[in-house]
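Laboratory data are not the source of any read-out in this text; all were calculated from the coordinates shown. As the structure is a computational prediction, the values presented were derived from the model and not from experiment. So basically every Cβ, Gly included, is an ideal-geometry build from the backbone, and we count neighbours across all protein chains shown.
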Amino acid sequence: MRLVAELHLHTVASGHGYSTINEYVRAAKKKGIKMIAITDHGPALPGGPHLSYFGYLYILPKIEEDVQILVGVEANILDTKGSLDLPERYLERLDIVLAGFHPPCYEDRGVVENTKAMINVIKNPLVDIIVHPGNPAFPIDIKDVVAAAKEYGCLLEINNTSLSGGARKGSRSNCFAIAKALAEEKMLLAAGSDAHYVDRMGCFDDVIKLFKETGISEEQVLNTSTDKVMGYLKSRGKLRRFQQ
């Protein structure tokens, strides 16, 4: 399985990212990655960029060095109502919106409340992908979350950094259960490297291994085709920047 779209990247703007957009573009061209999404953390995370950063992302080129560039955010979930740290008027202008739990923006409230929070975010039509839902620091009811994702058409991510041990240690069993449930439901899902430095971009080895173990087919993985990514986002009313 070959993944040609990298949909979860952090630049120096995230405060704890260590590469620039141009560095990611050049590395993507070398690695044969056809599309990248710039998804810096939302402003509620310490070190995250100001709202104005997201407001001006539209000026980025749509393609550079033969690499398509999507502009987005990894928004922070703030409460059980599913509130995010970026207002709707900003979310609407982005090509892609990821969302997930991050301390100290959201602290663990137990399975029932965590599940409620995640499902309320899934219901938000402006959110396209829930990132690292297998994080054991925020336990959820996987069955209920997968059912909500199926109902509302929001994708769940399998995160390579979670599997590699670089962050969110102990995630693998939860990621396995999520992937297995998605395989059984034949649902579309996303893969993400969650790179914070350019050498990690396009690293999907652990994700692909998990896909093989759980029976995830190539057709189920959004990142296997740039056309698939564009089609999914257009179906959700995104990519206005590409229509200008």
Ranked list, fewest to most other Cβ atoms within 10 Å of each Cβ, for Ser235, Ser171: Ser235, Ser171
In nm, spacing of pseudo-spin labels at Lys209 and Tyr18 (7 Å Cα→C-beta vector): 2.3
Per-selection metrics, region 132-244 (Cα): Rg and Dmax in Å: 14.3, 44
Value at 222 nm in deg cm²/dmol, rounded to 500, when DSSP H runs of n ≥ 4 in the chain each add -39,500 (n - 2.57): -9500 deg cm²/dmol
Sequence of Thr224, Thr20, Thr39 once ranked by neighbouring C-beta atoms within 10 Å, starting from the fewest: Thr20, Thr224, Thr39
Quotient of C-alpha Rg and 2.2 N^0.38 Å, computed over region 86-137: 1.18
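How high is the relative contact order of the chain? Use alpha-carbon pairs under 8 Å, at least six apart in sequence, and give a whole percent. Don't skip to the end; give the middle numbers.
Values: 517 pairs, mean separation 52.6, N = 244.
Value for the chain: 22 percent.
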Additional length obtainable on full extension of the chain from Glu218 to Met187, 0.36 nm per residue less Cα span: 10.0 nm
Virtual paramagnetic centre 7 Å along Cα→Cβ of Arg236, amide N under 17 Å, in region 84-121: 84-101, 118-121
DSSP-loop trypsin sites (Lys or Arg not before Pro) across region 62-113, with at most 12 other Cβ within 10 angstrom: Lys81
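Based only on the alpha carbon positions, what is the Kirkwood hydrodynamic radius of region 114-179, in angstrom?
Evaluated over region 114-179, this radius sits at 11.8 Å.
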Cα-based reach from Lys209 at 19 Å (exclusive), listing lysines while leaving out same-chain residues under 8 positions away: Lys169, Lys180, Lys186
Stokes-Einstein diffusion coefficient of the chain, Kirkwood radius over Cα pairs, 10 °C, 1.306 mPa s, in µm²/s: 91
